[in-house]
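The values are calculated or read from the model by the stated rules, or taken from the named source; none is laboratory data. In this text, all values refer to a predicted model and were calculated from it rather than measured experimentally. All Cβ positions, glycine included, derive from the backbone under ideal geometry; neighbour counts span all protein chains shown. Calculation scope for accessible area: heavy atoms of the full protein, side chains included, ligands and nucleic acids excluded. Shrake-Rupley method; radii C 1.70, N 1.55, O 1.52, S 1.80 Å.
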Amino acid sequence: MTATKARLSIEGMSCASCVSRVEKALMSAPGVSQAVVNLATSTADVDYLPDETEMETLVAAVEAAGYRARPVGAGPEEELESLTRAREYATLKRKWIIAAVITIPVLALGYPNLLPFLKRIDPETMRIIWMAAGAAALFVMFWSGGHFFRGAIAAFNRRTADMNTLIAMGTSSAWIYSTVAVLFPGLFPEGTADPYYDIVGVLITLVVLGRSLELRAKGKTSEAIRRLIGLQPKTARVVRDGIERDVPVDDVQAGDTVLVRPGERIPVDGEIIEGASAVDESMLTGEPIPVDKMKGDEVIGGTINKTGSFRFRATKVGKDTTLAHIIRMVREAQGSKAPIARLADMVAAHFVPIVIMIATLTFVIWFDFGPSPAIRYAIVAAVAVLVIACPCALGLATPISLIVGLGKGAENAILIRSGEALQVAQSVDTVVLDKTGTITEGRPALTDIIVREGFDEEEILRLAASVEKNSEHPLGEAVVAAARDRNLQLEEPREFEAIPGRGVIASVGGIGVNVGNAALLAEAGRSNDVPEAEELAAGGKTPIFVILDGRLAGIMAFADVVKKDSEEAVAQMRRMGLEIIMITGDRRQTAAAIARELGIDRVLAEVMPQDKADQIRQLQAEGRKVAMVGDGINDAPALAQANVGIAIGSGTDVAVEAADVTIIQGSLEGVVRAIEISRATLKNIKQNLVGAFFYNTLGIPVAAGVLYPLFGILLSPMIAGAAMAFSSVTVVTNANRLRRYKLRGA
């Protein structure tokens, strides 16, 4: 049975160890084949067999692990998520502001040198003041930081530990020690009964501040998908029973007639049945110039009607529209993991218990071997270790960059299917380009007209186009298109006859016109030994002869022309250090001519469709990391075989489905940008991971006091709290730099 995909929104996750725990809980459910949890989006993507388990079972598995879960439907969840995040940010902001206001006077008590009048207060009064400070710190702990303690209790109930455990242990240890010191100072050696309520207040304030800043920065990472959702209108004007009426876009049905006026967004995909206009498709293709649309042309939901009004028949609605497909692909990709993320997950799974052991060992060593008063040093060092070690930055390092990078791709009409595809793309060293429809336009165009003496070029083209105007042959269509580009007036042909495999014969304005290949030329009694035709064929072009009243008037040459931006795109790929190989089933002569034009050194020509995947395998056997770029059905096996398959979006659905990356705009410039985005994102992830690992591996020993014997430096828990809070903010901020990354040619 085919696996079903489900997405759950997870509440209560706070660090990388939570991710591992939720994934294990979901994988333990019957019928689940894969579960990927994303800390940055607080979601879980699950593949499961519906005949073996149900959605309620998945939710129950998450809740049994101590977290809250709810299914995410097909609607615009990002809008709901944005509102939820805004409310959560407002709550956290209020909490840290109140915590800061309460903590400032408590902090001042801890530094009597700043307030000299405190020294003149008698000990008993000071004791009462400290008791009030303890009550204030307790309020901060359980009102501003209550979620840390609730999370720690939940973790304890499931016999695990997480970031909440570290914060709760650190702050509660400092508060309990301080309260005992204030209430029962005689229990401590003289000079050691000092309260640390300031540490409690400042830690909670800084960590909540850091969490709110992190939440705010995380909100920016999913702007790309929210913008995509915002492209779809809320309503559509449909014509039912001859009456125009506005209906919610979700109520539009396939087959409905939809009316679109100038300046409006097209609500769903469809085919124009009446009227004409120019449509801005930049959201889909990245091309700023509006595209002319007329009866029979396809229109895409979310694009903007610029000039005229038209009616179209809805063909794809709801979740089947192109825009919905794009949103779905981006959402699924953002919920995926890159292989590099597994490293952070593996570390995080064992991180918190190890930190608790290190903190305990730190306390024992300082208590047994530290200078007097040893108890004070032991508590300060142990609390600092607990606080600084929170693995928040480690858990966010990879997913937050992936979300931004994949969103950056979507904004540039590049759909990257998964985090794995994004990571592999950055290591590509060889790009194999299919010729037809990828490098070239995929249709023939008139490139040359060689005119024999006594004839006029435009007259030859006009007469040939007049004969071909009703032709469905690709070369005939190219002749007519060239004539219309020159604004030539065509006539109706008479005595028209199509000769299969040779060409067409007709009479135009009393002139006998034959248009065809060398066989037709021979039938007309003309020698087919024409040097110009041989030269054109040697250059990869197809020669067609035009015979007027029995005389050879001219030779027209046709070729599948190179797309206007292919040459620059190939040059950019070469500058990026990539080897470019062209693969085609075309003749070696034709392929070599195009390769010379683009500066491609290696050509695999006359390759049968079924052999393209074998050619990719051979390149991989040479140790290459191969990206295959194609657009046709015959490219699908090669796209699937390559390390990264890149489909030109103007191609077939089969090619797009087989690919890891889809370039919607159908240009090789998109391939350059896809690899650029991949490289920039992976560089950003590595920066985040190095920073997070460096922070934890360096921060824990410093907090434990390894610098004290040499330099007399002992890290304050307040500084540790600030460092922990802002490490996550740093990671998220660094990831958001990708949003401003400037792509080549963009």
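Brief remarks on what is shown
- Per residue solvent-accessible surface (Å²) - the range 537-666, probe of 1.4 Å: 40
- Long-range HN-HN contacts of ASP256 with modeled amide H, under 5 Å: ALA314
- Cross-link reach is defined here as a Cα-Cα straight distance under 23 Å, omitting same-chain residues fewer than 8 places apart; for LYS24 the lysines meeting it are LYS5, LYS337.
- A simple charge model with +1 on the Cβ of Lys and Arg, -1 on the Cβ of Asp and Glu and nothing else charged puts the dipole of the chain at about 3740 debye relative to its Cα centre.
- Dipole-positive endmost among SER427, THR438, ILE449 within the range 411-507 (Cβ charges, Cα centre): SER427
- Theoretical gain in end-to-end length, ALA108 to GLU472 [0.36 nm per residue, Cα-Cα removed]: 122.3 nm
- A straight Cα-to-Cα reach below 16 Å connects LYS95 with the aspartates and glutamates GLU214, residues fewer than 8 places away in its own chain not being considered.
- Distance between the pseudo-spin-label points of LEU710 and LEU183 (7 Å out from Cα toward the beta carbon): 4.3 nm.
- Amide H contacts of GLU491 (H built 1.01 Å from N, in plane; Pro and chain starts excluded): SER466 sit under 5 Å, all sequence-distant by 5 or more or on other chains.
- Relative compactness, the range 538-605, computed as alpha-carbon Rg over 2.2 N^0.38 Å: 1.46
- The listed peptides 230-242, 411-423, 538-550, ordered by packing as a protection proxy, come out as 411-423, 538-550, 230-242 (highest mean of other Cβ atoms within 10 Å first).
- Cα-based convex hull, the chain, per residue volume (Å³, whole number): 213
- Based on Cα contacts under 8 Å between residues 6+ apart, the chain shows a relative contact order of 13 percent.
- Percentage, to the nearest whole number, of Cα pairs in the range 360-490 over 17 Å apart: 78
- Cross-link table LYS316/LYS469; LYS435/LYS625; LYS625/LYS686, entries beyond 23 Å C-alpha to C-alpha: LYS316/LYS469
- Within straight-line cross-link reach of LYS306, lysines at Cα separation under 18 Å, skipping those fewer than 8 residues along the same chain: LYS293, LYS295
- Of the beta bridges in the chain, as assigned by DSSP with both residues counted there, near 80 percent are antiparallel.
- Solvent exposure of TYR177, expressed as accessible area, is near 20 Å², computed with a probe of 1.4 Å over the protein chains only.
- Two numbers describe the Cα atoms of the range 448-541: Rg and Dmax, which are 13.1, 35 Å.
- For THR43, distant residues with modelled amide H under 5 Å away: ILE10, ASN38
- Among the GluC sites (Glu not before Pro) in the range 425-489, those located in a DSSP loop and surrounded by at most 12 other Cβ atoms within 10 Å of their own Cβ are GLU453, GLU472.
- Virtual spin-label span in nm between ILE153 and GLU11, 7 Å along Cα→Cβ: 1.6
- Annotation: peptides 619-625, 30-36, 677-683, 144-150, ranked by per-residue average of other Cβ atoms within 10 Å with the highest first, follow the order 677-683, 144-150, 30-36, 619-625.
- Counting protein heavy atoms only, the chain has 56 percent of its accessible area on carbon and sulfur, 1.4 angstrom probe.
- Fully extending the segment from TYR741 to ILE499, taken as 0.36 nm per residue of separation minus the present Cα-Cα distance, adds 81.4 nm.
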